[in-house]
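All remarks here apply to the structure that follows.
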């Protein structure tokens, strides 16, 4: 029996990666630009820890992330801890506990890394960067619209001007099924067909709802058409209210877009889609950039509940994924690097840094190292930076 | 971690042609009348299996056709390499990609995914007593799910063809395979004992493409829907 080759020391667990120059800097810059955009709209930054006790992390809206959460035991207390898979439940906990006494609506922002147990084949990353906002304590189309607009403006600041934003109402189909007393044992099969947009199977499985549901399935697309189909659909009272809320949210987003004369943003509505994070309870959004596969961000309305008392308050969130954003924006521009020969005047080097150069100090008399070290310029004795010829 | 695309290399833009992925083989022939009814005329050679070309223009400058293995159609569409495709529901059930919508049953390529076993053993042993079974299949996920739902652990031997040989050569107790007429089973001394799912070809679309290019994608789906309805009526 021969031994297997020892694993290469640089091999990382699947879904994890090193970010190298200049990507690491680009990611940090993108996150800071997004966060500055959030801060400019009054969203104050919080920083929850990486790890929490499992029973706190996975209550309320966190319960939906239970199966994606890495766990380890705290050797100190011997209680199980969870490594966050999503930051929204953590921010919700902060909002309802330590910031529970602060006036509402509460606007919070956050950025950090999350870890998930399982990646999908399509999205192989298990470590995911998030940068997001939460608007807690206000249930209105205007609050939904504010989150969308703040997100769109932040993405604009990193150079993304064309966005396609999909709005869904994950509670609409369940509400319709409840109100029409659709048999519980047939729901799983119907939900699956709806999720795949398989019209044939929906017609087959939806019984008396076949016509309504297939009309709504077909209506998914540009906001106007979808809203018209929702308005025309035969919906019972509570479901009708949800449909009206989607329409009101679209109207609120449009009026805010118009007020800021923001162009290049397409709104689509998918009335029967209900996928996404399981804790969402109202209008949800997914941000795309046209023609690209990646989702740039997701958000939606949820109940922000106090882990102690269980009391809930309305909240809405948007989480942007900096990794996905980075893949679709123009490459980040790093500072030009200037080589500072040994013994040069430190004041000259400081002056160049003030001009936006990154200075690379020589550690020995050899100036030929400049281009090898990635420098584009060489500082002269008079303190000027001269571009190196190729 | 996968190497990243630079933004500039990602040529796929809003205005790039939509790619329609078609499966090689049996279904490709059955697709021809449907494509014709939908007004899609691929360039010469697309239905010639010997042609070395894989990508063909169509009469619509905004639509190109690629020809790939039937299992790969789902993968191309799931990853967004093709926006739309035609693929058997067996493949969809096997991969279960959540990035794929399957809005239309095209009603072509009908067959079924079934369990088969040697005539000699069929009916000799009650599967209700099994805790595990060895299955040869090119559908490992379908086979596992099917048996798991009955409380049976399926030990899957993943083969890409000639499944019918597996039981007689002692590779597996049963096979899970696509059955059209059953003549291959019969010729190899096998009998179909259970139908897992009826199979037809579906029109599939990529989720992001449908969200971000709703007009173009919706229009294409509508053309296929009309073509399918016309063929069903004829």
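Scanning segment A:268-286 for residues that are assigned to a strand (DSSP E or B) and more than 10 Å from chain B (Cβ to nearest Cβ), we see that the one that is nearest to the chain's Cα centre (by Cα) is A:285. Looking at A:352, A:363, which one is out of contact with any helix residue (DSSP H, G or I) (no Cβ under 8 Å at 6 or more places or on another chain), surrounded by fewer than 19 Cβ atoms within 10 Å (Cβ to Cβ), away from chain B (no Cβ under 14 Å) and not in a strand (DSSP E or B)? After ruling out the rest, the residue left standing is A:363.
Scan segment A:328-341 and tell me whether some residue there is closer than 30 Å to residue A:143 by Cα and assigned to a loop (DSSP other than H, G, I, E, B). Scanning segment A:328-341, I find at least one residue that is closer than 30 Å to residue A:143 by Cα and assigned to a loop (DSSP other than H, G, I, E, B), so the answer is yes. Do we find that residue A:370 is loosely packed, with under 15 Cβ neighbours inside 10 Å and more than 16 Å from residue A:132 (Cβ to Cβ) in this structure? No, not satisfied.
One residue alone among A:112, A:15 is part of a strand (DSSP E or B), closer than 22 Å to residue A:325 by Cβ and out of contact with any helix residue (DSSP H, G or I) (no Cβ under 7 Å at 6 or more places or on another chain), and that residue is A:112. The single condition among (1) at pLDDT below 95; (2) within 14 Å of chain B (Cβ to nearest Cβ); (3) under 14 Å from residue A:272 (Cα atoms); (4) in contact with a helix residue (DSSP H, G or I) (Cβ under 7 Å, 6 or more places away or on another chain) that residue A:167 does not satisfy is (1).
For segment B:210-219, indicate whether the set of residues that are exposed (fewer than 14 other Cβ atoms within 10 Å of the Cβ), free of Cβ contacts under 8 Å to residues at least 40 places away in the same chain, assigned to a loop (DSSP other than H, G, I, E, B) and within 14 Å of chain A (Cβ to nearest Cβ) is non-empty. Scanning segment B:210-219 turns up no residue that is exposed (fewer than 14 other Cβ atoms within 10 Å of the Cβ), free of Cβ contacts under 8 Å to residues at least 40 places away in the same chain, assigned to a loop (DSSP other than H, G, I, E, B) and within 14 Å of chain A (Cβ to nearest Cβ). Working carefully through the options A:228, A:223, find the one that is touching a strand residue (DSSP E or B) at 6+ places or on another chain (Cβ under 9 Å) and under 27 Å from residue A:140 (Cα atoms). When all the criteria are applied, what remains is A:223. Considering only residues in segment A:177-202 that are outside any helix (DSSP H, G or I) and facing chain B (nearest Cβ under 10 Å), the one that is modelled with the highest pLDDT turns out to be A:197. Hey, could you check segment A:305-334 for residues that are without any contact (Cβ under 8 Å) to a residue 40 or more places away in the chain and within 14 Å of another protein chain (Cβ to nearest Cβ) and say which is surrounded by the most Cβ atoms within 10 Å (Cβ to Cβ)? The qualifying residue surrounded by the most Cβ atoms within 10 Å (Cβ to Cβ) is A:324. Checked across segment A:30-46, the condition of being farther than 24 Å from residue A:146 by Cα and either modelled with pLDDT of 90 or more or surrounded by 12 or more Cβ atoms within 10 Å (Cβ to Cβ) (or both) holds for no residue. Scanning segment A:237-271 for residues that are surrounded by fewer than 21 Cβ atoms within 10 Å (Cβ to Cβ) and under 19 Å from residue A:175 (Cα atoms) yields A:237, A:238, A:240, A:241, A:244, A:245, A:247, A:248. Applying the set (1) buried (at least 17 other Cβ atoms within 10 Å of the Cβ); (2) away from chain B (no Cβ under 14 Å); (3) at pLDDT below 95 to residue A:1 leaves exactly one unmet item: (1).
For segment A:1-29, give me each residue that is in contact with a strand residue (DSSP E or B) (Cβ under 8 Å, 6 or more places away or on another chain) and under 16 Å from residue A:329 (Cβ atoms).
Hit for segment A:1-29 is A:27, nothing else.
For segment A:203-214, does any single residue satisfy the condition of being surrounded by fewer than 17 Cβ atoms within 10 Å (Cβ to Cβ), over 32 Å from the mean Cα position of the chain (by Cα) and either facing chain B (nearest Cβ under 9 Å) or not in a helix (DSSP H, G or I) (or both)? For segment A:203-214, residues surrounded by fewer than 17 Cβ atoms within 10 Å (Cβ to Cβ), over 32 Å from the mean Cα position of the chain (by Cα) and either facing chain B (nearest Cβ under 9 Å) or not in a helix (DSSP H, G or I) (or both): absent. Checking each residue in segment B:83-108 for being more than 10 Å from chain A (Cβ to nearest Cβ) and either under 21 Å from residue A:202 (Cβ atoms) or modelled with pLDDT under 90 (or both) picks out B:84, B:85, B:86, B:87, B:88, B:90, B:91, B:93, B:108.
Of all residues in segment B:70-126, count the ones that are in a loop (DSSP other than H, G, I, E, B) and either under 9 Å from the mean Cα position of the chain (by Cα) or surrounded by 18 or more Cβ atoms within 10 Å (Cβ to Cβ) (or both). Summing the residues that are in a loop (DSSP other than H, G, I, E, B) and either under 9 Å from the mean Cα position of the chain (by Cα) or surrounded by 18 or more Cβ atoms within 10 Å (Cβ to Cβ) (or both) in segment B:70-126 gives 8.
Residues considered: A:73, A:81. Of these, the only one that is surrounded by fewer than 15 Cβ atoms within 10 Å (Cβ to Cβ), over 16 Å from the mean Cα position of the chain (by Cα) and over 25 Å from residue A:136 (Cα atoms) is A:73.
Checking the stated criteria, residue A:131 turns out not to satisfy the condition of being assigned to a helix (DSSP H, G or I), touching a residue at least 24 places away in the same chain (Cβ under 8 Å) and either in contact with a strand residue (DSSP E or B) (Cβ under 9 Å, 6 or more places away or on another chain) or under 17 Å from residue A:165 (Cβ atoms) (or both).
Yes or no, residue by residue, for (1) surrounded by fewer than 20 Cβ atoms within 10 Å (Cβ to Cβ); (2) within 14 Å of chain B (Cβ to nearest Cβ); (3) assigned to a strand (DSSP E or B):
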site	(1), (2), (3)
A:86	no, no, no
A:90	no, no, no
A:118	yes, yes, no
A:156	yes, no, no
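Elements of the type helices (runs of 4 or more DSSP H) sitting completely within segment B:128-200 and holding at least 1 residues that are farther than 28 Å from residue B:85 by Cβ and at pLDDT below 95: these cover B:165-168, B:183-187.
The values are calculated or read from the model by the stated rules, or taken from the named source; none is laboratory data. Here the structure is a predicted model, which is why all the values come from computation and not from measurement. FYI the Cβ positions are ideal-geometry reconstructions off the backbone, even for glycines, and counts take in every protein chain you see.
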